[in-house]
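Each reported figure results from applying straightforward, stated rules to the coordinates on display, with no laboratory input. The structure presented is a predicted model; accordingly, all values stated were derived computationally and were not measured. Here the Cβ is made from the backbone with ideal geometry for all residues, glycine too, and neighbour counts use every protein chain on show.
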């Protein structure tokens, strides 16, 4: 039994790491490049309201989170797009509102109060095969969406105003991208947790941005770094019993520090070469 | 000669307020028109109407006489909105000028990339092709946006204050390049610097709520007064002066 459990755990962990890394690569690059990290934080925290609602209604909390995450992502984009509200204000309101709604519904849920730690900080133990399948489907959708519409996504994100001169589908693709971002974030909550997922999306793309300014390369290398970081985090978490999400973030932050160190060394090497050429 | 573009009795504006009234203008294939006028007079709106970004409230835009297609219009906006910290290279940005012919899938071919290299080299940016935008100077950036506007070999080039951020040493070179481009495309160029552009444009259009076409490359204070088109004081260095004719 023990070996079957271990085998299932390892397979689930590896698949979870793979799919979460695809999200980190594609969505992470998108939100970091578009400077939407705060918006992503808003989406994750707003989705906590859906988790509470799910518990209260007795349905899958992830379904509730998806509903809240998607509507908050599209809502924030709509409000800022129409200039009716500053984006940061809209995010701040939805951020706190989602958390408040979640806490109220969980409080109102009759019987045993559910363990929220898994949702807040992530735990591979709470991830079901259903979650893995949804994450897998989400990853496939993200890959196809990015490959098929790579240039359009790139140019709309870079210069929306100019993009309007060559396509009248700017609005459609903006909402599609933000909607997919919202869903991808929510489906990763079980793994990394509401509070920690933002670092999973932000750190790998930030690390790669130190070494390249090409969007496609940032996606690919963020995926690689995430996969190594998440797998290492899982292994440590399993061995030490520490919360998975927290360990993953810890590992990624170490990678981030090492990458800064590496970049500094590379720059020092480059400047030494330059000065020696100058001296000659 | 057939006109490329014909605007007839056009009114346009935003959110119910009319910015341009009764605009009529014919643009010919070899035109180089300097669009001048005070701030808020509707110069940028005029370009945006031609691009289809602002829908006219009434009147007509006719592309048919010169068989001009929207994909044959190049555009350099007044202040490019592009986020210079966004991870795109010079080549990526220039290639975006071809997107109008590519549809939503936007696949770029080897020929497209070759064309991008040609345009980038022509504008003296050859060594920046793989560089991110945040490593370029303001003048280089403006040339990148010009490359984006002309990569599709447009027949009509719309430029909104293109010499913004271009350092004075490159400004004359920049306008000379436009003069060469004018041999194969019509150009409409918004500028506040009437004195400088009068050496390059072939005619003026004064836009101040409406339009007055001036079919000569020199324009005087009296002309501007007659057109109801006051040019505001602008600053060159520390010395403010009215920009009129050559200085």
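Just A:91, A:197, A:153 to compare: in a GNM of chain A, with alpha carbon springs under 10 Å, which one fluctuates most? Top of the fluctuation ranking is A:153. Computed extension gain for residue A:147 through residue A:235, at 0.36 nm per residue and net of the alpha carbon distance, reaches 28.5 nm. Approximating the spin labels as points 7 Å out from Cα along Cα→Cβ, the residue A:88-to-residue B:53 distance works out to 2.6 nm. Whole-percent P(r), chain A, all Cα pairs, 10 Å bins from 0: 7, 28, 32, 21, 8, 3, 1, 0. Relative to the current alpha-carbon distance between residue B:164 and residue B:131, full extension at 0.36 nm per residue lengthens the span by 9.7 nm.
Note on residue B:221 and residue A:81: their simple-model spin labels are 5.1 nm apart, each label 7 Å out from Cα toward Cβ. Taking 7 Å steps out from each Cα toward its Cβ at residue B:39 and residue A:254 produces label points 5.6 nm apart.
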